[in-house]
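Some notes on the structure that comes next.
Nothing in this text is a laboratory measurement; each read-out follows from the coordinates by a stated rule. From a predicted model like this one, the values you see are computed outputs, not experimental measurements. Backbone-built Cβ (ideal geometry, glycine too); neighbour counts: all protein chains shown.
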Amino acid sequence: MFAELNSILNVSPEHFTTGEFVLLSDRQSDASFLMHHFLGFYLRAGCQVCFIGLAQSLSHYSAVSQRLGVSLSQAKERGQLVFLEGLNECSAILNPDGVRTGSEAMAFLRNPGAGLRALFQFAHSSVNHSWGAEERAGDAGGGPPVVLVDDVSVLLSLGVSADAVLDFSHYCRATVCSQLKGNVVILLRCDREEDDYDDVGSDEGLERLLRGLTHQCSLALHVQGLPTGYCRDIHGQVEVCDRRRRADGQQKKTTFQYKVHDRGASFFAPGTSSAVL
Amino acid sequence: MLHDLLQGLDAGGFLIIQDSCSYSGRRLLWSFIKAALNRAEVVHVLSFEVSEDELKNGLQESPIERLHFHNAYSDPLGWTSRGAFTVDQFCVERVAQLAKQSSRVKPPILVIDSLSWVLRHVSPPAVCKTLQQLKNGGFVGNLISLLHSDMHPRGMVGSLCQLATSVITVAAGGDQAKITRRLKSGKVLQDEELFSIKDDLTVVGQSKPSRADPQEQEADPTANLTFNLRLSDTERDAKEKLALPFVFSKEKKAALLHTSSGRIVYEPDANDDYDQEDPDDDLDV
């Protein structure tokens, strides 16, 4: 959890808005450090978290979260965190002779054209109960449910269409955000340059998915490298776009530069890096 | 022209509001809904992309008793079996049935938010056919719809806009609208307008984007300098009185030139006897 990012977004683990759909995207950069931030943030806030990890294994997230001061194994033990390890499930499903049959959530691997309904149902059932409600009899239960997905571009490369991913994210939003009053955070990694301006509506999966998710989201954080090139002290810039309904109808866009450290990340206004001042 | 459209479309009118991910046209769509409700018209909203709470929060202080909300947002594909409107029910029979739920004499206004959602699941020809039948069959009085133009190929967007009688494109920047209106006589009107939407969803039109702006307001080059480039009045007079060295007045020219007594006398000599056909004078003819 990065304290500076919390102050930029004006949230804290005790006080944050629900019903948010957050889109993390990057272009030729790596926005996964933001995913670690949100995972730690929502665990600290006491939310019921369902993490769909398709890009890395659980041990990777555990190791990084350990450095940030959050223990994923303890969260799993007390039932606060449900972790879908996509990489393990993939091998179980693709290996029909194996002992484990693999979770039904990854059934789209056998049939990519069928869509992500099973994955959505897995996420829905994971967050549809409150963790620790038995132990804390006096409380109303845990915090709001949160679904995090890392990352959806893996789904595209596995043969799922952009439309199916947009349907999945729509259902996450309709159920988790609107009905259960929780939050959804989705990471989308775009590795290619923005070179398809000629035909904006073409079925280029990644760009179309990015536009579709941008239309659906209420908060978008876009990470890219510095336009002037590589810098040792500044790893890139983050554009924060708040799409919630604002008084004048305009979206609020602010840009920050960041540097990722061993145990966190620091954010600062452009041009104010400590290396420069 | 934006205000004319807000006052109401002609019967059988179809308005498309096009937006992109840089600027959302949803608030403009809500302004149209609010204007229709204020005119005491019945509005049916078939919503795929926003929940009922979000819409009603957005339309605060409007007479929403005439608003009928059809929930296609919670379960448009039937995954959770929650009994709402699904996208494969988007055909003229089902939609007309929805519109008949209000008991007014005049056909209601149908708002679809958004057509992009429908186009992802229903083939474009079927969508166009349904819209055309709804428009011309008298089931609905007017159709207003939101379309995300960056989610579809240009051809598809173009085909849908052909069906529409009015198209408003919200340009990036958020406050500029390009409006195209097709009147029943066949005439097409186009306009560009600046607008802003206030908190209570009233649209305030601003002046047209002025192209004369760069010509006015030229920066004064003699301002903000550390040395003085300006002239006082006495200095300006002295400057204008100064006689430049090689700019002569008429009197000085006359005195110097002696034009009245000049006469040129020419006597050709042998060298000037120039034979055109033998310039070097060496032909042995």
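Per the Kirkwood definition applied to all pairs of different Cα atoms, how many angstroms is the hydrodynamic radius of the range B:36-99?
Numbers: mean 1/r = 0.0790 Å⁻¹.
Answer for the range B:36-99: a Kirkwood hydrodynamic radius of 12.7 Å.
Taking Cα atoms only, the orientation of helix B:26-38 departs from the longest principal axis of chain B by about 60 degrees.
A simple spin-label model places pseudo-atoms 7 Å from Cα toward Cβ; at B:Asp233 and B:Asp88 they are separated by 9.0 nm. Of all lysines in the structure, those lying under 25 Å Cα to Cα from B:Lys252, and not within fewer than 8 positions of it along the same chain, are B:Lys239, B:Lys241.
Averaged across the residues of B:44-51, what count of C-beta atoms belonging to other chains lies within 10 Å of each residue's C-beta? Don't jump to the answer; show the numbers that get you there.
Values: counts 0, 0, 0, 0, 2, 5, 2, 6.
Going residue by residue through B:44-51 and averaging, the value is 2.
In this Cβ point-charge picture (+1 for Lys and Arg, -1 for Asp and Glu), chain A has a dipole of about 800 debye about its Cα centre. Our coupling estimate for the range B:118-126, obtained by passing each phi through the Karplus curve with A = 6.51, B = -1.76, C = 1.60 and θ = phi - 60°, is 5, 5, 6, 10, 10, 5, x, x, 5 Hz, Gly and Pro reported as x.
For the residues A:Ala92, A:Ala31, A:Ala164, a GNM of chain A with alpha-carbon springs under 10 Å puts the largest fluctuation on A:Ala92. With helices as the sole contributors, chain A gives -9000 deg cm²/dmol at 222 nm; each DSSP H run of n ≥ 4 counts as -39500 (n - 2.57), and the sum is divided by every residue. Our summary of shape: the Cα atoms of chain A have principal axis extents of 57, 51, 39 Å, ordered from largest down, in whole angstrom. Per the Debye calculation on the range B:1-46 with a single equal scatterer at every Cα and no solvent contribution, log₁₀ I(q)/I(0) for q = 0.13, 0.22, 0.28, 0.33 Å⁻¹ amounts to -0.31, -0.86, -1.25, -1.41.
Suppose R0 equals 60 Å. What FRET efficiency, 1/(1 + (r/R0)^6) with r the Cβ-Cβ distance, do A:Val260 and B:Ile264 give to the nearest 0.05?
Values: r = 92 Å, r/R0 = 1.53.
Efficiency computed from Cβ-Cβ geometry: 0.05.
In chain A, the sites counted are chymotrypsin sites (Phe, Trp or Tyr not before Pro) in DSSP loop states with at most 16 other Cβ atoms within 10 Å, and the longest stretch holding none of them, exclusive of the sites, is A:1-196. Considered as an equivalent ellipsoid built on the Cα gyration tensor, the range A:8-123 has semi-axes of 27, 17, 15 Å, the largest given first.
Of the residues B:Val122, B:Val265, B:Val50, the one that moves most in a GNM of chain B with alpha-carbon contacts below 10 Å is B:Val265.
Its Kirkwood hydrodynamic radius, worked out from the mean inverse distance over all distinct Cα pairs, puts chain B at 24.7 Å. With the biggest extent put first, the Cα atoms of the range B:1-79 measure 42, 32, 26 Å across the principal axes. With Cα atoms as the point set, the radius of gyration and Dmax of the range B:47-149 evaluate to 13.6, 39 Å. Remark: the range A:2-19, residue by residue, has Karplus-estimated 3J(HN,Hα) of 9, 5, 5, 5, 4, 6, 5, 8, 6, 9, 8, x, 8, 9, 8, 7, 9, x Hz, where x stands for each Gly or Pro and the curve is 6.51 cos²θ - 1.76 cosθ + 1.60 at θ = phi - 60°. Packing around the peptides B:237-245, B:29-37, taken as the average count of other Cβ atoms within 10 Å per residue, puts them in this order, highest first: B:29-37, B:237-245.
Is the shape of the range A:143-187 rounded, prolate or oblate, going by the alpha carbon gyration tensor and its root eigenvalues a ≥ b ≥ c, with a/c under 1.5 for rounded and a/b larger than b/c for prolate? Don't skip to the end; give the middle numbers.
Working: a/c = 4.37, a/b = 1.90, b/c = 2.30.
Taking the square roots of the gyration eigenvalues as a ≥ b ≥ c, the range A:143-187 is oblate.
The Stokes-Einstein estimate for the protein assembly as shown, based on a Kirkwood radius over Cα pairs and taken at 20 °C with 1.002 mPa s viscosity, is a diffusion coefficient of 76 µm²/s. Database remark: amide H of A:Val185 closer than 5 angstrom to the amide H of A:Val22, A:Val147, A:Leu148, A:Val149 (H placed geometrically; neighbours at sequence offset of 5 or more, or on other chains; Pro and chain starts carry no H).
For the range B:41-107, applying the loop criterion from DSSP together with a ceiling of 16 other beta carbons within 10 Å to the trypsin sites (Lys or Arg not before Pro) yields B:Arg82, B:Lys100, B:Arg104.
What 222 nm value per residue comes from the helices of chain B, counting each DSSP H run with n ≥ 4 as -39,500 (n - 2.57) and dividing by all residues, nearest 500 deg cm²/dmol?
On the way: 9 runs with 81 residues, N = 285.
Counting only the DSSP helices, I get -8000 deg cm²/dmol.
Computed over the alpha-carbon pairs of the range B:102-200, the distance histogram in 10 Å steps reads 13, 41, 35, 11, 0 percent, short to long.
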